[in-house]
1. Under 19 Å from the Cα of B:Lys164, which lysines turn up, not counting those fewer than eight places away in the same chain?
2. Among the aspartates and glutamates, which fall within straight-line cross-link reach of B:Lys575, defined as a Cα-Cα distance under 12 Å, with same-chain neighbours fewer than 8 residues apart omitted?
3. If you take every residue apart from A:Lys177 with its C-beta less than 11 Å away from the C-beta of A:Lys177, what net charge results, scoring Lys and Arg +1 and Asp and Glu -1?
4. In chain B, with Lys and Arg counted as +1 and Asp and Glu as -1 at Cβ, which of these residues, B:Ser685, B:Ser736, B:Thr668, has the Cα nearest the positive end of the dipole, that is, farthest along it?
5. When you take every Cα atom in chain B, what is the radius of gyration, and what is Dmax, the widest Cα pair distance, in Å?
6. Cross-link candidates for A:Lys178: which lysines have Cα within less than 29 Å, leaving aside residues fewer than 8 places away along the same chain?
7. What's the exposure ranking of B:His858, B:His523, A:His199, going from fewest to most Cβ atoms within 10 Å?
8. Could you state, as a whole-number percent, how many of the C-alpha pairs of chain A are farther apart than 37 Å?
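Just so you know, all these numbers are worked out from the coordinates, no wet-lab data involved. Keep in mind the model is a prediction, meaning the values are calculated, not measured. All Cβ positions, glycine included, derive from the backbone under ideal geometry; neighbour counts span all protein chains shown.
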Amino acid sequence: MFRFLHLADLHLDTVFASRRDGTRERLRSAVRRALEQSVDFAIVEKLDAVVIAGDLFDNDQLSYATEKFIVGQMERLNDSDIPVIYCTGNHDPGGPTNRASRIDWPSNCHLLDSPDPRLIDLTSRTGFDVSFVGAGHDSPDIRENLASKFPVATSVRPHVGVLHAHIVESTSGSSHKKYAPASKDDLVTKGYAYWALGHIHVRQQISNFRNAWYSGNIQGRTPRESGPKGGLLVTIDKSGLSDVTFCEFGPITWIDVDVELSSDVGHLDQLARLLEASAERNLSAKRAETIVRFILTGASSLSTLLRRPVEVDALEQSMRDVLGILDVQIDSYRVSTPRDPEQYRAEPNVLGEALSFLDEVRQDARAITVDLLGDEAVIDWSDASEEMLDDLLTGISEDIIERMVKDA
Amino acid sequence: MRFTRANIDSYGHFAGRSFEIDPKRIVVIHGPNEAGKTTFASFLTTMMFGFSPGNIDQHPYAQLRSNEKRLTGTLEFVSGDRRRCAIYRELKSTPKSRYTSGEGLFGDEEDLRNRPIPSVDHINRRVFKSVYSLSLSDMDEIESRTWDFIQDRLLGGLGMDYIKPARVVIESLEQEAKQFWRPDRRGKPVSSEIEQRLKQLRESRRKAREVDQRVRDLAVKIGELELSIDGLKKERAELKYRQRIINRARPVNTLRQRISELRSKAGDVSPYAELPADPIQELRELRDRKSELQERKLALESRIREDSATIDSYGDKQVALRTVEDEIRSWTSRVGRHESSVAELDETNAQISELSSRLQPVAESLFGSTDLKEILAQLNSVNQSALLSDIGLIADVESARTSDGEATARLKKGQTIALVVALAGLLCAVTGVVLANAFAIGAGLTSSILAVAFWLIVRPRSQASGDLRVEKQDVVNRINMQLGLLRIDSNRMRNGVPDSRLAPDMQRLCDGANEYVRLMSRHRRLSETVADDRQRLRVLTERLGTDNHAPPTVLIARMSRDLEDANFRYQSSEKARHRTDSVRTDLDRTDAAIEKLDRQESHMARLLEQCGDGDLRVGANSIISKRRAQIHADQLSETLDKDYPDWRDLLDQELSTRKFTEGEVVGTELRLDEVEEQLQAVASSLASAREQIRSLQDAKPASDIEGEIEVARKDLLSAKIERDRRMLIAAVLRRSEQKFRDQHQPDVIKKANEYLKIITSGRHNKLVLDDLTGSLRLWSEDEKRYLNVDQPLSRGTLDQIYLALRIAIVDHLDRNHEKLPVVMDEVLVNWDAGRRQRAYAILKKLSIDRHVLMFTCHQWMVDEITDVLDAQVITLG
């Protein structure tokens, strides 16, 4: 039997875009703690290897202190005779100018920083042989299919592939850039007992192919990366893949709480009570290690207020104190006014005309926005992202009504 | 569309009211305040557009009637195509309606629920109430508002008062947009603040990266310094080694030279190794010790002789005494008992003589013999106690039999009397029966019974008397048989019964016989003991060969004294024997020691003579000198090993054999000092570099600042989006207003000119919009030029223009649609007569195409309108 820990996307020294210094600091140290805990786990469980499928750190941001920390953790594994298979990803590519290839790794670390697959034979503490095949990124923008370059498993000993890649069948892949793209078939045809994949931050099995897994990242970095995070404990025996078990290492948990506002919610105190009640249903015992993102939708007379950063900041601060959690984020830009644009659309006045015109704008938002704003625009809307356009136009009809109709 | 009838079943305070309305005339609805004018107007609007709100509980005109709330009514009207139409509406739980148009078989009926009637579907309730209903406040606006505002509302909003003028909103948006971002550098828009912060953050990030690079450089430097330290330490070690060789080789060689000289002087002293440090002194001491030993030898020999005499004093006699020591010691305690036994034997003999003399007379009386031994033998052949008991018993039986005989005679007499009494009683009872005398019967029976009872009681006593006689005869028989065995003198018997003294005599003789037996037994035992003791004492004296004629006490005392003396001699001889062995051993040792000292003396003398060429003293001095040299050499050798433990390794070093010049020695020292200084300097640099790293690592990392930058970027982007969003809304409004104006203004102004021409009797008929400013301008025939529609135009002219525009808007909205009624609520009440007259002209023109309803509470107004406009009057209240 051969047991190893599959980690990926640790992103040490990544950038945390949080407004609070304390939250950024906690998140930064949480990633370190996650790595530390995974190493503790490997040592205590006397694992046969630790596999890191890329993006161990963010090359552009890696500090000397973090570099030392990483090497220190690898040395701990070395002291316990646990080999490390580490293939580089797009955030920590190899190559002479990048840190991964310049770090003085301990002798137990097998650095795979070349796109050409390399085979490493390892033997477990019980004498079970496994061949690891891995390839790494040597630049931050690899677009070739690295999986296709992996050799087909021929020997009797089980093979384990280690790769940082975008598998097209993966879920949540649309939010990640398609580096080293490959398909499920590219993996299946190699006949490997297990594929330790990295790049997609959502833990998952590849499209019902039980031998290929993304471990997900070790610590959630943004509200989109919610839920428990960690690594996968993989067991391989003579019959091949025996077991894959998730192990939680990420100390901080992100939780998304959807809250739909109604016209009854007309005051910030009411909103605060609603948010508190909604959050309480989702919070666990680890409050101090939880960050909650409230996603507000629906129609409320507070919509205008909730577009003001000062008000939202104050509400976040209040909710943080009330809930006793690490941090709170409130996404409120989807909250619309309670006025129904349909009531005004057909009226023979400028408002009706404007609402009808906005319908036209939405048909070709980018072009008409560019045309309407012309040189007045601060942002080059011809090149803006769809998300930005969405931010620009969401609730604009309601906004016009609020402004045009008296006593709105 | 003209109203013909309003049937109000239930609406506000109207219930079951019906109003005929003349569709061809202007209608004046008149009534005092609270008469229901507003309710009536609301009813008309509701019939056209449906209930608002559509919930009976929330409707302001719903009133409780017959325990239920409901609103019901019907409005009949003639449409523009002259069809007669009616709309029935009802609101209870849900809105209901029935709309009919046309008449008879060709009429259509439709359920509109709460939807507007088809005639008004080109506008909504809000527009109708805002545009088609003119109120006093609308007209007051001309005085309270600027013309720009009024013009915006009329032309930009077609008079819809719930819509803000687009221009105002656009200005507000542009102001807000400037708070987010401005193209110029004025003010403090949000974006500028964020950009300023971004700039600071980027600078911080640059510094943080520099710090990190500095840390990395320091780490490299530390690595180099550590290497440098390693190199310097290595050189220092080599120099120290060299210096040590130099410093150590010299004294080692000096020592070794001295050792060598001393060892040469000492030569081979091994043959004299056994000689002491001071042979002469030792020789003297040897001789002294030998003298002491010889004196000791003499003393030991004297002691041996003394001990031999002591041993001999313990001879055979003493041995024999110690052999019977236990017996002698037992006699010392037993001799007293022996003397006592002898005395007791004599006393027993005397007692036996006295007893014999006392028993002999009794024996002769009973047996006719004094041979006590034989008599005692006979007595012992019978059971003495049984015989004595029977003799005693015969006396007792005889006594009892005598007294019993007397009693038996008395009883027999009593028995006879009792029999007589019983018979007499019986006779008496029979007599009583014969005579039937109860007393006689009772007395007779009682006496009979008592007599019988007495007889039964005394009968056993007579039987016992007979038994005693039998028992006496048995005892006499037994006694005779016993006495016959004892051959008792026959004189002591009478009729076979012993005499009365026999028993005491027999008793005394038996007691004496027992005493005699006991004394004889004691005499025999004591005689045996005394004889045994005498025999043993005789044997003891014979064994010791001593005189045995003395009394035992004396003999035993003498033997005890001899025994004590023997024991003392024995112990003395034993001690002497033991001591003699030890003294002899000591003597042997002393002899050996003397012999050994002799040998040592002669050996030493021989060695000293040998070393000193026959002279002992010279030889001794020579040996002492050699030995001193040897000791000194050994001490130096120890010093060498101690101070230079590795001197042997040193001998193996190549450098040790080399002769260092003074320059080399000094050069080595100088270089070593240099290396030490360099080491200190590098160590200091190393510590400094490490300290710098420690301090630098506390700085905020670039990634954290990058996070802040990311947030600031998002904020900046958000500010820009918000800014562009406002500008976009402004642009949308601007374009929409322009489009709206293009679409509506020309028609409105054209129609307004028509009305204006009527009102002003052709004086003003040219109202235009300035293309540049968008302002209304009016052609003045008097001044032959266009004037701005604003002050200083007369108030009257402004009123005319305002009314013309309002009505033109209504016409414009109804263009290509059903022409809807116009409602005027006290619009002209505050106007002066001249202005009213001009307004009536407009209303007259207006009423040609549409129904005009005027609400007023003023009678003079009713009168004036009916007079001028031939209006129908509906009076409420």
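1. A:Lys406, B:Lys129, B:Lys739
2. Result set, ordered by chain and number: B:Glu306, B:Asp307.
3. Local charge sum for A:Lys177: +1.
4. B:Ser736
5. Both quantities, over Cα of chain B: 89.0, 224 Å.
6. A:Lys149, A:Lys190, A:Lys229, B:Lys714
7. Ordered by Cβ neighbours within 10 Å, fewest first: B:His858, B:His523, A:His199.
8. Percentage above 37 Å: 36.
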